[in-house]
Amino acid sequence: MAEIAVSLVIDQLLPLLREEANLLRGVHKEFSDIKDELESIQAFLKDADKRAAAAEGVKTWVKQVREAAFRIEDIIDDYLIHVRQHPHDPGCVSLLHKIKTVIPRRRIASEIQDIKSSVREIKERSERYGFQRSFEQGSSNSRGSQNAKWHDPRAAALYVEEAEVVGYETQRDMLIDWLVKGRDERTVISVVGMGGQGKTTLTKKVFDNRNVIGHFDCRVWIIVSQSYTVEGLLRDMLLKFYKQNEEDPPKDIFQMDRGSLTDEVRNYLRLKRYVVVFDDVWSVHFWDDIEFAVIDNKNGSKIFITTRNLDVVLSCKKSSYIEVLELQPLNEQQSLELFNKKAFRFDHGGCCPKELIGIAYEIVKKCNGLPLAIVAIGGLLSAKEKNVFEWQRFSENLSLELMKDTHLVGIKEVLGLSYDDLPYSLKSCLLYFGIYPEDYEVKSKRLIRQWVAEGFVKEERGKTLEDVAEGYLTELIHRSLVQVSSVRVDGKAKGCRVHDLIRDMILEKFEDLNFCKLISEGGQSYLSGTFRRLSITTTSDDFIDRIESSHVRSILVITNEDSYLSFPRRIPTKYRWLRVLDYQFPRLLNVPKELGSLIHLKYLSLGYVTTGKIPKSIGMLQNLETLDLKATHVSELPKEISKLRKLRHLIGTGLSLIQLKDGIGEMTSLQTLRYVNLGMEGAVDVIKKLGKLKQIKDLGLLNVCREDYDILSSSINEMQHLEKLHVKSRSTDNDEFIDLNLISPPTKLRKLTLRGKLLKLPEWILELQNLVVLRLKLSCLTKDSMQSLKSLQHLLILSIGVGAYGGSHMYFQDGWFPKLKELYIGSSDELTDIIIDKGALSSIKMLQLYGLSNLKNITGIQHLEKLEVLLIRSMQVEVLQHNSPKDWNWIMEHVPLVEISRVDGKIIRNSRN
């Protein structure tokens, strides 16, 4: 009877299955067509925002095209969820699943037809109203239309009075010295900075200096800008040279080709000491274009370049000496001085009235030291009434004023040129900074991983996606669009941010490009329209029901650490197409069990979890690349995480991998794994499998037991791509010590941290010639060990931390650690004397001594000529008494920052020079 019943059911279902099969074939075909359509639209949109701005009436049409692309992406993601996620098992389960998917497939097929119809309508509308033709005309005339709409501040910068140049006196004198006292060989001198930084103004003051004028036989100023021809540049140079000497140019100069013009310039300059200023250079190929014309006559000639892009200057290095001045924003005092000169130039004797000082400070602060903005805003306010009400209203609406006032529009346009000049792949990367709050320092690693998850980063042979993304960030920094706020020891950006005015430009782009919606306190009413990302800085979640969630691909939540938001539990059902979920600071009551439904998720960072664990469903996130749990304080991970074969970064504070021991070795894409707690039973099985992670670059291990070091050494020997290693022993007991024996130590290792007793300094450490950071703690090193460390000639940071040194004397001899920039020595009861010979630590910039309770004498600090920061903390008073007053006077005079405090925390010496 059961067999008959099953047979009847199958007979009834067969028509549905045949229908499902026909529908599936149709959906596959339509899916392929719509993907091709998306590729065409995306190619069109690459430069659409810039060109649409130059073609009146086209902006709305481009916005419709972009929203059509979003709808296609939504359909593709829906297809991947509902069509590809079905079991491959034979039998009734598979049969029933196929039946269940008929309805979603019908809906997807209908949506595909709907979007194809919409695309046809957009195309017909473009032909009907001539949008495409206008768009193409706008493309060819974009530069001209921009110039027609705004006055280039560069022209005004050439005529600024000397008295109005503020804040760059030191830089001006240095540039003059480079010009008149430099080497005989041709030298390229460059001023680099963001748009509006004052490059042209400063250079013009140097160019017109009497010492510069008298030093050179001939000098010309050439404005290059974005659009130039080599022939035009060379011809312009020749005409200005001849005019300067009141000579007639060759009659056929306008018929000469590039080769003839190059020869003519070389011949003219052959016996002359010359300086040529090329103002506003954008192209990295510029030097290739003019290099052979500007002859190196070994006569002290100079090429002077102003640019927003550091790479323009670096490209000259292959065949010429270079000197680079990177302009920094004006400080607070300089900004106020410049503002007052512009705002009160005709009244109040050039001084700000008392009642306006506070408001003036607020206005200037928003300019973030950018001279162009300070001058423009000061000039505008000079024509306004000088009363508190008028100025307060202006300050509160400054962002709106920048967009509407004709005097200030030039600021936006100047900054916009830098955005327009970016390659398409970098535009989204720059816009991403707007997702973060104003003045927020973004950690570069976090940013890079998010760019990768968003799909902004394109593969390059021989590089990881993270390496490519780091190159993107470097280029944005070199283009003066991103500011470095903190630096790693290797000189690369650790943290970065964008100027407030750059951010204002980005936020305006958000609306035009549907890039992101910012949800802040009191700003939740503007939630209409399509947008791809949510940036949430409010502790209220009233907005959740007013968002068209199907379009959202990324959510960033930054609130204070004590806040609770309830909406995260709704994310898995409401935002099923997410790629990035960055939930940094707020507390989570628990992690939603349905987390696994976010199958497109690539980046997941969670805040502190009050109760509960990471759900098993996380194993369904097959596309996950970054899992950041360091803020959660969750330690135990479900075994299902080992299914995440695309995971590249697994980050926590004390992760237990015991549940993953059978699968951790299969997670071969891992590049970052930290910090893993190995101080529990069964950890040896995990350690054995770590050797299979051959792509690992960053490994952090905690509480390693003495008996496990042999196996751990074998595993680390297999990690030849390892760049960072952190190992902490289980305890400080006499029978516990770090006993790593690396027969084949990873040659790429750059940062090493060992926290635990060492019987002796491992010999393999001395083989690490790429090592730049070494941190030791609780090591009980001897004098002989310090003698051995001196062979690490490339060290930049050395930290001899708590209990790391057991000797009474620490002696740095002539020639030791020539590249070391930072030295930390701390918490030793035995150390009584520190002696520094002249010639030792010759590059040191930071020296910190702390917790040295028995230190009696420090000798030789006066030899550290490059020392910038000296911190001596938690010390006995005797250490000061044993050093001569002359030594301390030298330190206080020559070291910019000196701070000395006693054991009780009281500061007894503090100087900032």
- List, in order, the whole-Hz ³J(HN,Hα) value for each residue of segment 65-76 obtained from phi through the Karplus relation with A = 6.51, B = -1.76, C = 1.60 and θ = phi - 60°; use x for Gly and Pro. 4, 5, 5, 5, 5, 4, 5, 5, 4, 4, 5, 4
- Modelled FRET efficiency - R0 60 Å, residue 694 with residue 246, Cβ distances, 0.05 increments: 0.25
- Query: So what are the ³J(HN,Hα) numbers for segment 793-803, from phi and the Karplus equation (6.51, -1.76, 1.60; θ = phi - 60°), rounded to whole Hz, Gly and Pro as x?
  - Reply: 5, 9, 4, 10, 10, 10, 10, 9, x, 3, x
- Item | Global size of segment 744-783 as Cα Rg and Dmax, reported in angstrom | 10.4, 28
- For segment 287-370, list log₁₀ I(q)/I(0) at each q in 0.11, 0.26 Å⁻¹, using the Debye formula over Cα point scatterers of equal strength and ignoring solvent, two decimals each. -0.54, -1.28
- Ordering 368-381, 470-483 by per-residue average of other C-beta atoms within 10 angstrom, highest first, gives 368-381, 470-483
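When the chain is fully extended, how far beyond the present Cα-Cα distance does residue 853 get from residue 438, taking 0.36 nm per residue of separation?
Values: separation 415, 0.36 × 415 = 149.40 nm, distance 4.35 nm.
145.0 nm is the gain from fully extending residue 853 to residue 438.
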- Message: Restricting to Cα pairs below 8 Å that are 6+ residues apart, what does the relative contact order work out to for segment 153-326? Please round to a whole percent.
- Response: 36 percent
- Message: Explain nothing, just the number: relative contact order of segment 340-401, from Cα pairs under 8 Å at least 6 residues apart, as a whole percent.
- Response: 41 percent
- Task: State the dimensionless ratio Rg/Rh of segment 422-513 (Rg: radius of gyration of Cα atoms; Rh: Kirkwood radius).
- Result: 0.94
- Message: Under the 0.36 nm per residue contour assumption, what length would be gained going from the current alpha-carbon distance of residue 622 and residue 385 to full extension?
- Response: 79.1 nm
- Query: For the modelled label position 7 Å from the Cα of residue 217 along Cα-to-Cβ, which residues of segment 232-269 have backbone nitrogen atoms closer than 19 Å?
  - Reply: 237-250, 262-269
- Query: How much length is gained if the chain between residue 868 and residue 357 is pulled fully straight, taking 0.36 nm per residue apart and subtracting their Cα-Cα distance, in nm to one decimal?
  - Reply: 180.5 nm
- Item | Amide H within-cut-off set for residue 304, under 5 Å, with H built and near neighbours excluded | 189, 276, 277, 278
- Message: Under 8 Å for C-alpha pairs, at least 6 residues apart: give me the relative contact order for segment 828-872, rounded to a whole percent.
- Response: 52 percent
- Extending each Cα 7 Å along its Cβ direction at residue 838 and residue 347, get the distance between those two points in nm, one decimal. 6.3 nm
- Task: Using the Kirkwood radius over Cα pairs, work out the Stokes-Einstein diffusion coefficient for segment 332-412 at 20 °C and 1.002 mPa s, in µm²/s as a whole number.
- Result: 173 µm²/s
- Item | Residue list for segment 762-788, given a label point 7 angstrom along the Cα-to-Cβ vector of residue 819 and an amide N cut-off under 11 Å | 769-773
- Task: Output the Cα-based Rg and Dmax of segment 153-326 in Å, rounding Rg to one decimal and Dmax to a whole number.
- Result: 15.4, 46
- Query: Could you give the distance between the Cα centres of segment 211-258 and segment 741-764, to the whole Å?
  - Reply: 61 Å
- At 7 Å along the Cα-to-beta-carbon direction for both residue 460 and residue 653, put a label point, then send me their distance in nm to one decimal. 3.7 nm
- Descending semi-axes in whole angstrom, ellipsoid equivalent of segment 696-794, from the Cα gyration tensor: 19, 18, 11
- Query: To the nearest 0.05, how large is the calculated FRET efficiency for residue 254 and residue 227 if R₀ is 25 Å and r is the Cβ-Cβ distance?
  - Reply: 0.85
- Task: State, to one decimal in nm, how far the label point of residue 520 lies from the label point of residue 173, with both points 7 Å from Cα in the Cβ direction.
- Result: 4.1 nm
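Read the figures in this text as sums done on the coordinates, not as results from a lab. Bear in mind the structure is a predicted one, so any value in this text is a computation, not a measurement. Heads up, the Cβs are rebuilt from the backbone with ideal geometry, glycines too, and the neighbour counts pull from every protein chain shown.
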